[in-house]
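Take a look at the structure below.
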Amino acid sequence: MKEIRIHGRGGQGVVTSAELLAIAAFEDGKFSQAFPFFGFERRGAPIVSFVRISDSPIRLRSHIYNPDYLIVQDPTLVGVVEVTSGVRPDGMVIVNTEKEPEKLELEAEAQVRTINATKIAMDVLGRPIMNTALIGAFARATGEISVESIKHAVMNRFPGEMGEKNAEAVQKAYDMMRG
Amino acid sequence: MKIMEGSHAVAEAVKACRPHVISAYPITPQTHIVEEISRMVADGELACEYIRVESEHSAMSVCVGASATGARTYTATTSQGMALMHEVLFNAAGLRLPIVMTAVNRALSAPINIWDDQQDAISQRDTGWIQLHAEDSQEASDMIIQAYRIAEDHDVLLPVMIGMDGFILTHVYEPVELCPQEKVDEFLPLYEPTQYLTPKNPLTFGPIVDPSMYMEFRYMIHEAMGRAKKKIMNVASEFRDKFGRYYGGLIDTYEAEDAEVLILAMGSVIGTIKDAIDELRADGKKVGLVKVRCYRPFPAEAILEAAKDAKAIAVLDKNISLGHEGALYTDVKSVLYNKGPLALGFILGLGGRDITKSTIENIVAKAQKAIESGRVEEESEFVDLDQEVL
């Protein structure tokens, strides 16, 4: 079983990202589970969501304390909450930032990867909603989920032009991230 | 199989039951259920009267009135909303109305807390509602279809609430199999009330009953609760035959047969316990599970049968009867009195406090210690308390 924890702020699509990853993994033929841990729902508040992906049915429902993968949607959370808490040493941290990994003051043994998903979102969508681009980068960096399934999940969630644009952002981030 | 949010899996099951009247008031974390149902009604996918109200007291009152006319009715609520319904819940049971409700589980104020525990449903224990608890989205969805069969049976005629842990199940995306409409139609025929309100045949529902008869009415509800036990088991088996899924009757067990330590719990924590048991078993520890599916009527006989050969039983309560102990623990002890294993009570998971596999392992270790010493040192204890907050 692979466990993913996503950190972001209310309004950034933290919960949607987790759901889209779970839907895409399910479409890839895996069992999956996604659930949020809300603070009081309001924009800007730190929010965490969780994803589990497995070859067998998932029964465990506790929070994820030792994720294989960590996705940080908002680099300003570093230092505000302990984002890297418990990440597996052989795991991976993916941060949305324009900085290079070594410039981030992250306390983690895990490999750190960065991508400027906000810029991709601004270029493609014209808005700083970077969650779909970031999961595209996740697909490339980890190889856990196919980019086709992610794009399909994104287009199902956001019908019409908005879905197509978001799928474009997914692909762009996937192409920019090194595998 | 599809992957969807737990709330939507429930909404789909409600739709498949073809309810005539739904009335609800939105409250976190029940909201996604009734939002989805009202969308179905607005989009013409579900032909039903969706009545918006100004409170949960009114929502249940609408259900009572509608059900008395012979309509199949549904509502959902949680926490403060369930507490506000309290008065009307007694009426629904006393009038013998087969209303089905999803009782999304959430802590009660104060302090205000929107997260999961089961205090809200446990606090409705004595209202005369049959109370079931779901382990996952699939069961929360399937239980809706089972619940109407149980509630509307003429030997029962009692309302049913289905506990569904807030956020943990309502907001989880996981694979679910939906029941095909034609199979649901075969499994669940139209509700045929024995008596109902109609201008053609005026009746009075709920008139005053004086001391010469009130006790008899209470007795009849109690008897119906007793008959419901068999019905709940039968419906679970029939559901298995029809849809291929089975979750146990009044209880279910896991690795219980040769278990020295049994864990007894209900709701969404069951999955985490099963994973913990697999690990403990791999370590050579004889641990098993009793899952309570039906809290009222209380499955005394089934629990006694499942627990009689164990050496200790650890009862997990996501609620507390303040000033005493967890409600399940009290019930289980009364069942085992003088004839069963050592019983230990644990209060945990209140207000959304996470329950991990290591929480379960620590509880099992305490039960093993009680077996070794032959006595229970602390009957009821809070798990994972943060001493710094106290």
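The values are calculated or read from the model by the stated rules, or taken from the named source; none is laboratory data. As the structure is a prediction and not an experimental result, all values here were calculated from the model. No Cβ is skipped: glycine too gets one built from the backbone with ideal geometry, and neighbour counts run over all protein chains shown.
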Please state which of the following conditions B:Leu97 fails to meet, knowing it meets all the rest: (1) part of a loop (DSSP other than H, G, I, E, B); (2) over 17 Å from B:Tyr74 (Cα atoms); (3) in contact with a helix residue (DSSP H, G or I) (Cβ under 6 Å, 6 or more places away or on another chain); (4) more than 14 Å from every other protein chain (Cβ to nearest Cβ). (2)
Tell me the strands (runs of 3 or more DSSP E) entirely within segment A:63-124 that contain at least 2 residues that are in contact (Cβ under 8 Å) with a residue 24 or more places away in the chain and not charged (D, E, K, R). A:69-72, A:92-96
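Okay, residues lined up against (1) away from chain A (no Cβ under 14 Å); (2) within 24 Å of B:Arg18 (Cα to Cα); (3) within 24 Å of the chain's Cα centre (by Cα):
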position	(1), (2), (3)
B:Ala121	yes, no, yes
B:Glu139	no, yes, yes
B:Ala147	yes, yes, yes
B:Ala151	yes, yes, yes
B:Met161	yes, yes, yes
B:Phe167	no, no, yes
B:Glu177	no, yes, yes
B:Glu186	yes, yes, no
Within segment A:58-78, tally of residues that are more than 8 Å from every other protein chain (Cβ to nearest Cβ) and not aliphatic (A, V, I, L, M): 8
Among residues belonging to segment B:201-214 that are surrounded by 11 or more Cβ atoms within 10 Å (Cβ to Cβ) and either among the hydrophobic types (A, V, I, L, M, F, W, C) or not assigned by TED's automatic domain parsing to the domain that holds B:Ser67 (or both), point out the one that is modelled with the highest pLDDT. B:Val209
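To keep it simple, each residue is scored yes or no on (1) surrounded by 12 or more Cβ atoms within 10 Å (Cβ to Cβ); (2) in contact (Cβ under 8 Å) with a residue 24 or more places away in the chain; (3) outside any loop (DSSP other than H, G, I, E, B).
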site: B:Glu186; (1), (2), (3): no, yes, yes
site: B:Pro189; (1), (2), (3): no, no, no
site: B:Thr194; (1), (2), (3): no, yes, no
site: B:Leu197; (1), (2), (3): yes, yes, no
site: B:Glu216; (1), (2), (3): no, no, yes
site: B:Asp241; (1), (2), (3): no, no, yes
site: B:Leu264; (1), (2), (3): yes, yes, yes
site: B:Gly284; (1), (2), (3): no, no, no
Go through (1) among the acidic types (Asp, Glu); (2) surrounded by fewer than 21 Cβ atoms within 10 Å (Cβ to Cβ); (3) closer than 20 Å to B:Glu174 by Cα one by one and return the number of the condition A:Glu19 breaks. (2)
So, in segment B:102-116, exactly how many residues are under 13 Å from B:Met164 (Cβ atoms) and within 14 Å of chain A (Cβ to nearest Cβ)? 3
Under 19 Å from B:Arg293 (Cβ atoms), crowded, with 22+ Cβ neighbours inside 10 Å and not polar (S, T, N, Q): does that describe B:Asp153? no
